[in-house]
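Heads up: the structure comes next, in structure tokens.
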Amino acid sequence: MQGAIARVCMVVVAAILHHPLLFPNENTTIPEQDDELLTRMKEHQEKLEAEQKRLEQEISQTETALIGDQDSYSWYFWSSLCLVIFFTIEVCRQDMIPTEMPDPMEDEDGDSSAEYLSAKTLVLDKGVLSNFCKTRFHPFIHESGRVREFIKGFADDLLEALRSVCDRESDLEVEDFVGIGSMFESWRVTKPPTCDLIVPFAPPRSFRFQFQLWCDPSTEIPLDLQGCGRIKLIKPGGNGTDCLCAATNLGDDMLCLLHNRNECEKLEELNSVELLCAKNTLYLSKDQIMTWFQISVSKAWGQISHKYDFELAFRNLDVPGALKIRFRSGKTVVLNITPAVQFEDTDAYLISHFPSDISNSPDTLWKLSLTVYEKNLLKHLAKHLPTNSCHVHCLQIVSFLHKKQTALTGRSAFSNYHIKTALLHLLLSKHPATWQPQNLDHRLRDLLGFLQLSLGEKRLYHIVVGNPRIPAEILVPEIIRTAEPVNLFRPLVLQRHVYAKMEEHFQEMVRNTSVLVQEYTPHLSNGYVRH
């Protein structure tokens with residue numbers, strides 16, 4: 001019996017080691033339609049099935065000669081163990097791939113490497129692309145400036161009203177907003193204008209936040225939730241150094257030498273902030289913060305609505321701060337105000353969600369946003385590029401194509417954030433001179449090809465986390481700079497249906513690129529541009 005079990009284990013191990021996805025070739029993907037590979041896999045499968053049948057017969061004969069159920073239970077135990085081993089290796093396969101930042105190569109002519117096969121076959125006319133960018137994106141330049149100024153003034157007014165409706169002694173303290181996204185990075189592509197704001201909040205007086213990031217060795221966070229962290233609320237006296245008068249009943253005949261009786265009572269009332277934590281924990285709850293934030297914003301708007309001649313409404317009650325401004329003229333402005341917590345004294349923020357994120361994470365796990373560093377990196381790299389470089393137009397074109405493809409085939413996990421991340425990788429790896437405006441078609445193929453390669457390998461690393469190429473001038477915090485690179489596509493290892501939808505979306509977008517650019521480019525007729 002034991003010999004039969006050992007043989008089954010050897011067959012399972014052999015199947016694992018010969019699994020075509022276990023040890024992929026470096027920087028390559030498995031071609032799904034490779035006939036030769038499919039033939040070898042089929043022959044290998046037939047051999048394993050024959051061996052399995054032979055072993056089943058041998059095991060069946062052996063079991064008839066055995067008395068008792070002990071060997072039967074042992075058989076089930078070893079079978080289950082083999083299954084667990086196989087599943088574990090399949091799940092952890094991505095972790096076995098070396099975590100190195102991608103290094104897009106280019107040939108002597110400055111064109112894309114041969115790896116970008118599908119994207120390189122695109123026929124992109126330089127004149128059409130130039131006319132497309134001139135007519136589609138240039139009109140947004142002046143309008144975006146006016147929208148930014150309006151949003152800045154309105155957001156300051158709204159947050160000031162929000163502070164007035166909050167209890168300064170027991171509620172969270174609202175700080176100044178931070179503008180992020182395409183509107184504040186000057187690569188807006190479509191209407192209506194969309195403005196993304198991060199609104200940090202601080203704990204009430206005498207409280208403080210303690211952060212537990214995924215990259216901290218003492219923090220246990222699942223591997224598929226890299227880039228997240230917990231926020232723990234530390235009460236007065238929680239670390240042994242603060243005053244204990246709020247955490248201890250002093251009695252009527254005892255006084256605190258640091259605080260008078262009224263101040264001690266206020267510290268006891270501050271425990272109401274614990275209602276913003278998950279049940280039976282001291283970790284901030286995203287759901288509780290969302291409820292508090294939406295109620296507070298509604299009250300704040302009620303105080304200042306008489307000053308403005310437009311309507312303000314929540315677009316999505318499941319997303320905090322998803323607002324829409326509608327003017328009497330019918331024009332609208334989309335406003336995403338996302339509550340966040342500043343990570344120590346840095347420009348990193350733990351936020352409740354990303355506007356484009358459709359995944360669900362536990363209530364106490366907040367996503368780390370490094371968009372301020374990404375914005376500074378984009379500005380820093382742009383200083384070394386040629387005048388009127390084509391990098392912004394590359395980002396705008398692919399974002400435009402993504403939006404149009406979403407309207408055609410529905411939403412997927414693919415987002416503008418992935419596009420911007422890929423562009424930043426290319427900017428770091430390519431020589432600045434290759435971004436001349438006349439190279440727009442080449443760099444556009446590069447960007448699409450890089451995304452195609454990343455999707456095929458299910459690897460797209462965060463541009464900031466653990467990237468040694470980030471210039472020192474960006475001042476990335478050491479804990480982020482020295483962390484292991486975070487693969488933004490890692491969740492696709494388990495979510496096969498999400499990956500299939502995402503890959504289908506991108507492949508259709510690449511296939512429709514030339515058609516969409518032609519369709520949305522005004523044609524010249526008698527010297528005039530048709531709008």
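Using a ≥ b ≥ c from the Cα gyration tensor of the stretch 412-531 (square roots of the eigenvalues), is it rounded, prolate or oblate, where a/c under 1.5 gives rounded and otherwise the larger of a/b and b/c decides, a/b for prolate? Could the numbers behind the result be given before it?
Values: a/c = 2.95, a/b = 1.44, b/c = 2.05.
It is oblate, given that a/c is not under 1.5 and a/b is not larger than b/c.
Amide H neighbours of L488 under 5 Å, counting only residues 5+ apart in sequence or on other chains, H built in-plane at 1.01 Å?
Residues meeting the amide H criterion: L460, Y461, H462.
Quick one: 3J(HN,Hα) in Hz for the stretch 211-228, Karplus 6.51/-1.76/1.60 with θ = phi - 60°, rounded, Gly and Pro as x.
9, 10, 7, 4, 7, 7, x, 7, 9, 9, 10, x, 5, 7, 10, 4, x, 10
Jot down the radius of gyration and Dmax of the stretch 293-354, Cα atoms only, both in angstrom.
13.9, 44
Can you list the residues, at least 5 places off or on another chain, whose amide H is less than 5 Å from the amide H of L335, using H built in the peptide plane?
Close amide H contacts, sequence-distant or interchain: C195, L323, K324, I325.
With +1 on each Lys and Arg Cβ and -1 on each Asp and Glu Cβ, and nothing else charged, work out how big the dipole of the stretch 387-531 is about its Cα centre, in Debye to the nearest 20.
Values: 16 positive and 10 negative charges, 43 e Å.
About 200 debye.
For S389, S399, S164, give the ranking by accessible area with the largest first, probe 1.4 Å.
I get S164, S389, S399, largest accessible area first.
Just to check I understand the Karplus step: with θ = phi - 60° and J = 6.51 cos²θ - 1.76 cosθ + 1.60, what whole-Hz values come out for the stretch 507-519, glycine and proline as x?
Karplus values, whole Hz, x for Gly and Pro: 4, 5, 5, 5, 5, 9, 4, 4, 5, 5, 5, 5, 5.
Can you list the HN-Hα couplings for the stretch 373-385, worked out from phi with the Karplus curve (6.51, -1.76, 1.60; θ = phi - 60°), rounded to whole Hz and with x for Gly and Pro?
Per-residue couplings from phi come out as 5, 5, 5, 5, 5, 4, 5, 5, 5, 5, 5, 9, 8 Hz.
Starting from the Cα gyration tensor of the stretch 466-523, take the square roots of the eigenvalues, sort them a ≥ b ≥ c, and report rounded, prolate or oblate (rounded when a/c is under 1.5, otherwise prolate if a/b is larger than b/c, else oblate).
Taking the square roots of the gyration eigenvalues as a ≥ b ≥ c, the stretch 466-523 is oblate.
Could you sort out which of K404/K430; K134/K331; K403/K501; K191/K375 sit more than 20 Å apart by Cα distance in this structure?
K404/K430; K134/K331; K191/K375
For R208, list long-range residues whose amide hydrogen, built 1.01 Å from N in the peptide plane, is under 5 Å from its own amide hydrogen.
Long-range HN contacts for R208: I234.
The values are calculated or read from the model by the stated rules, or taken from the named source; none is laboratory data. On a predicted model such as this, the values are computed, not experimentally measured, just so you know. When we count neighbours, we look across all protein chains shown, and the Cβ atoms used for this are built from the backbone with ideal geometry, even at glycine. When the accessible area is computed, the model is the full protein with side chains, heavy atoms only, and any ligands, DNA or RNA have been set aside. Shrake-Rupley method; radii C 1.70, N 1.55, O 1.52, S 1.80 Å.
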